[in-house]
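What follows is calculated from the coordinates using simple rules that are stated; it is not laboratory data. For clarity, every value in this text was computed on a predicted model and none was experimentally measured. Methodologically, a virtual Cβ is constructed for each residue, glycine included, from the backbone with ideal geometry; neighbour enumeration extends over all protein chains shown.
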Amino acid sequence: MKHAQHSKIRISITILPMVNNMLEKVRVKSGVSKSSLIEDAVKFFLQRQLDKDSKALSRLNFDDLPSEDEWLSIQSSSE
C-alpha cells in the first residue's frame, strides 16, 4: 500500500509513565501534539545518527583501492 507524501502512519509506542508525564507537560506548555513532539525527537535522533555515521565514513582510508594500472588490468582480464 503506497502512502501519499504527506500522509501519516499510526504507530504504537510504550514509554515509562514518568516520560509520558514530562511529554504531557511539554505538550501543554508548547501547544504541540505528543505525536509531533515524538516525531521531532525521532527526526533529531536520526539526524544525529546520520551525522555520526558520516563522520565515521569520512575517517575511512581507502588505501586498499587498486591503482589505475591495476584497474586497467582488471578491466582487460574481465573482457
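Couple of notes before you dig in:
- Simple spin-label estimate for Gln47 and Lys29 in nanometres, 7 Å along Cα-Cβ: 2.0 nm
- Here the gap between Ser7 and Lys55, fully extended at 0.36 nm per residue and compared with their Cα-Cα distance, gives a gain of 14.0 nm.
- Of the chymotrypsin sites (Phe, Trp or Tyr not before Pro) in the chain, those whose Cβ has at most 13 other Cβ within 10 Å and which sit in DSSP loop: Phe62
- In the chain, the longest principal axis of the Cα atoms and the axis of helix 34-58 are about 20 degrees apart.
- Folded to 0 to 90 degrees: helix 17-30 orientation relative to the chain principal axis, Cα: 80 degrees
- Modelled spin labels at Asp64 and Leu37, positioned 7 Å past Cα toward Cβ, are 4.7 nm from each other.
- Rg/Rh for the chain, where both radii come from Cα atoms and Rh is the Kirkwood radius: 1.34
- Between helix 68-78 and the chain: long-axis angle, C-alpha atoms, 0 to 90°, nearest 10: 80 degrees
- In the chain, lysine pairs with alpha-carbon atoms under 18 angstrom apart (chain gap of 8 or more, or interchain): 5
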